[in-house]
Amino acid sequence: MSKKVKANVAEALEGLSDGARVMVGGFGLCGTGAKELTLISNNAGSMGKGLARWLKAGIVRRVICTYVGTNEDLHRAMADGSIEVEIVPQGTFVERMRAAGAGIPGFYTPTGVGTVVAEGKETREFEGRTYVLERALHADFALIRAHQADPFGNVRFYRTARNFAPAMATAARTAIVECDHLVALGAFDPDDVHLPGAFVKRVVHVPEHEDVIEFRTVRPLPEVH
Amino acid sequence: MNLGIGLPTLVADHLAPERDVWLQSENGILGMGPFPYEGDEDPQIINAGKQTVTIVPGGSTFDSATSFAMIRGGHVDLSILGAMQVASNGDLANWSIPGGRTMGIGGAMDLAAGSRRILVLTTHTTKEGEPKLVATCDYPLTASKVVQRVITELGVFDCAGDRFRVVELAPGVTLDEVRAATGAPVEG
């Protein structure tokens, strides 16, 4: 078995220690004992589930996210000042990680020009339009969930669960993939790999997941006559 | 085309199939379909509002960097967004009310900055009766000078610099009623 494949979550998270910068896509929960974390995640949890448990446990010092929304634990922590929160436009958030992973220290974007997001940042005109300089966003760890992974760390995602995961994997020094299915080396057609194994340092197989639906929206079945 | 969270999502129910409209959801779908039939919902197929949805034949799923390349790179023809305030010069404020709870930015600033055309769909006034169509936004901006058109229950209006210009009034609505409910000059 490849050295990348870890027997359990605890082993997969080895070295995640105090003060770490951690990017989290859609990932389960894990008790590492680490604290003073910088948590980089789109929503940072919701409904008391997922990363909301990290917030409640008091192990997070800083959050970089795009949307607070229904995350009551984060609203509370923002209000009492226990967690410092940086809110970033979503496209800038992912592009900062993509840049970090691609060896690009910064980039100019039209997003946020003329708003609080651009305050204190360098702006520059290109062909008559103003852009703001945004910097790469790195992390120590990325925790991402994949549908399938092989022992080299090649990964395939399922539907809209892909979101930030590939960019996070490239932007972190250690990307840890939690996969629903661990497949054999060679099981993927090379054309079908979503994230090549070079970006993934550890793989842990977690077959059981509690998949929470935040807003269950359905339409009634058509009536059969 | 991308539909913002809230009122704009209702547009999906009124799209004629022959219009060949492809809905984009910024969390990574092009070709978003209607809500699933009861029992078919999948927690890993959701829209940007975190509601369970479906994907139409020909649809695709992708990561967020690709999704925002589509948005910021001008590959989305139209975004229909909600608003807290919209100014006659096209300034849009739809993410934060001073003194209120900050919900976050999400994809709003990228959609506003990157879509080829921005249409705002909103109630004409707040619940308290304050105009949402104003001369200058005093809420934090989402983007500057991006909105071309505003549709409310009172009518359809174009942002025309220092004024709104009436494109169409809702049935039974007079220009005086619109002017009384608007915080900027309205040209008939």
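Remarks
- Lysine pair count for chain A (Cα-Cα distance under 28 Å; residues 8 or more apart in sequence or on different chains): 12.
- With a cut-off of 11 Å between beta carbons, the residues surrounding A:VAL193 carry a summed charge of -3, where Lys and Arg count +1 and Asp and Glu -1.
- Spread over its residues, the convex hull of the C-alpha atoms of chain A is 192 Å³ per residue.
- Surrounding net charge for B:ILE46, when Lys and Arg each add one and Asp and Glu each subtract one, Cβ distance under 11 Å: -1
- Ratio Rg/Rh, restricted to segment A:104-202 and using Cα atoms, in which Rh is the Kirkwood radius: 1.14
- Cβ-placed point charges (K, R +1; D, E -1), dipole of chain B about Cα centre in debye, nearest 20: 520
- Against the compact-protein benchmark of 2.2 N^0.38 Å, the Cα-based radius of gyration of segment A:87-134 scales to 1.11.
- Basic side chains Lys and Arg get +1 at the Cβ, acidic Asp and Glu get -1 at the Cβ, and with that the dipole of segment B:112-188 about its Cα centre reaches some 400 debye.
- Among A:129-137, B:42-50, the order from most to least packed when residues are scored by Cβ within 10 Å on average: B:42-50, A:129-137
- 10 Å Cβ neighbours from other chains, averaged over peptide B:44-56: 5
- Around A:HIS209: net Lys/Arg minus Asp/Glu count, Cβ-Cβ under 10 Å: -4
- Each Cα pair under 8 Å and six or more residues apart adds its sequence gap; the mean of these over the residue count of chain B is a relative contact order of 19 percent.
- Among beta bridges identified by DSSP and lying wholly in segment B:77-188, the antiparallel ones come to about 50 percent.
- As a proxy for reagent exposure, ranking B:HIS124, A:HIS205, B:HIS75 by other Cβ atoms within 10 Å from fewest up yields B:HIS75, A:HIS205, B:HIS124.
- Part-to-part distance (alpha-carbon centres) for segment B:15-70 and segment A:49-104, which is given in Å: 25
- Hydrodynamic radius of segment B:6-75 by the Kirkwood approach over all distinct alpha-carbon pairs: 12.8 Å.
- Integer Hz, Karplus 6.51/-1.76/1.60 couplings in order for segment B:103-114, x for Gly and Pro: 8, x, 9, x, x, 4, 5, 5, 4, 5, 7, x
- Simple spin-label estimate for A:ARG219 and A:GLU11 in nanometres, 7 Å along Cα-Cβ: 4.8
- Summarising the label geometry, the points placed 7 Å from Cα in the beta-carbon direction at B:ARG165 and B:GLU187 lie 0.5 nm from one another.
- Magnitude of the charge dipole, the protein assembly as shown, Cβ model with Lys/Arg +1 and Asp/Glu -1, debye to 20: 1040
- Rg over Rh [alpha-carbon atoms, Kirkwood Rh] for chain B: 0.99
- Summed over all non-identical Cα pairs, the Kirkwood treatment of the protein assembly as shown gives a radius of 22.5 Å.
- Antiparallel DSSP beta bridges within the protein assembly as shown, percent to nearest 5: 40
- Label sites at A:ASP80 and A:VAL212, each approximated as a point 7 angstrom past Cα along Cα to Cβ, lie 1.9 nm apart.
- Other protein chain Cβ atoms within 10 Å, averaged over every residue that makes up A:159-171: 6
All of the numbers you see were taken from the coordinates with simple rules; none came from a lab. All values derive from a computational prediction rather than experimental measurement. Please note: Cβ atoms are built from the backbone with ideal geometry, for glycine as well, and neighbour counts cover all protein chains shown.
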